[in-house]
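Down below is the structure, laid out as structure tokens.
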Amino acid sequence: MSVLSLKNVSHAYLGRTILDGIDLDVACGEIVALVGPSGCGKSTLAHIAAGLTEPKSGRITRTYKRHAMVFQDPALMPWATAAGNIDYGLRLAGMGRAARQEYVMAAAAQVALVPDDMEKFPIELSGGMRQRVAIARALAVKPEFIFFDEPFTALDVALRRRMQNLVMDICIDGRLSGLFITHDLYEAARVAHRIAVLDTRGNGVLGMRTMAGTPAQRSDAAIFDWVQTALEQDTAFRHIHDVDERQLA
Ligand SMILES: Nc1ncnc2c1ncn2[C@@H]1O[C@H](COP(=O)(O)OP(=O)(O)O)[C@@H](O)[C@H]1O
Ligand SMILES: [Mg+2]
């Protein structure tokens, strides 16, 4: 059963078609990676799927109760501690103090933040730790679905790998589903059950590839082989490393 379903979704900015005829489903407990070159409309699609942007046309069905989002920029409030940041959404929701504390501690434990970290302000935390806080803030509301929009792009390779492990750990019990946007095919091949490739010129989903096995059990060798073969032989991935110069400063 799918928890998120997009049917024939199209979108345009200022008359320029960005997305056209997008069909995409995410099943319960599944992580679908969405890949495509910079500027092809991945974030726009995530915003449409999450209900933040109204599409020009198409239908979106969500059967999950609550979702959360994690972005490349952790966007923490500088004046609040890690605990305060994680707590923010719960306070907005009007939850009582005792329950909030319990939710915050549970979320922090899921991303391996220790009590010492919880009292620190964002400026005192490393990039990886800040992203952990952002993930904990997302988890604190006990979402059934998480949108990840290139969350680890700014992190170095070793750290990115640890954060990917974290995502696989929190998704392992099959209760959480997600859409994981990345332009790193290795990352997609590591964390996802399926990989959707978005076309550069708004022509929809070029291909949907199902990865063998479950994310956490895939070996590095298998991932490497899969990516090499995809880049060499699968035409869906032909433009994956194209760069849209309009995106560059
Ligand atoms: N609010 C906006 N107004 C006009 N154009 C936009 C807006 N947001 C994004 N775009 C353009 O739409 C295209 C897709 O953007 P985006 O969804 O951010 O791509 P991606 O996340 O794949 O890099 C880009 O060309 C971008 O410049
Ligand atoms: Mg984007």
Among the candidates THR235, THR182, which residue alone is of a type in the set (S, T, N, Q), closer than 24 Å to ASN8 by Cα and touching a strand residue (DSSP E or B) at 6+ places or on another chain (Cβ under 7 Å)? THR182
Go over the candidates ALA158, ALA107, ALA99 one by one and state the one that is part of a helix (DSSP H, G or I) and surrounded by 16 or more Cβ atoms within 10 Å (Cβ to Cβ). ALA107
Just the residues that are outside any helix (DSSP H, G or I), within 16 Å of ligand 2 (Cβ to nearest atom) and within 20 Å of ILE223 (Cβ to Cβ), please, taken from segment 180-205. PHE180, ILE181, THR182, HIS183, ASP184, ALA196, VAL197
Could you tell me whether any residue of segment 4-16 is more than 13 Å from ligand 2 (Cβ to nearest atom) and closer than 26 Å to LEU166 by Cα? yes
Residues of segment 210-227 being farther than 17 Å from PRO37 by Cα and surrounded by 11 or more Cβ atoms within 10 Å (Cβ to Cβ), in sequence order, are MET211, THR214, PRO215, ALA216, ARG218, ALA222, ILE223, PHE224, ASP225, TRP226
Determine whether GLY128 is buried (at least 16 other Cβ atoms within 10 Å of the Cβ), of a type in the set (Gly, Ala, Ser), at pLDDT below 95 and in a helix (DSSP H, G or I). yes
Would you say LYS42 is within 13 Å of ligand 2 (Cβ to nearest atom) and of a type in the set (D, E, K, R)? yes
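The values are calculated or read from the model by the stated rules, or taken from the named source; none is laboratory data. Here the structure is a predicted model, which means the values were calculated and not measured. As a convention, Cβ positions derive from the backbone with ideal geometry for all residues, glycine included, and neighbour counts pool all protein chains shown.
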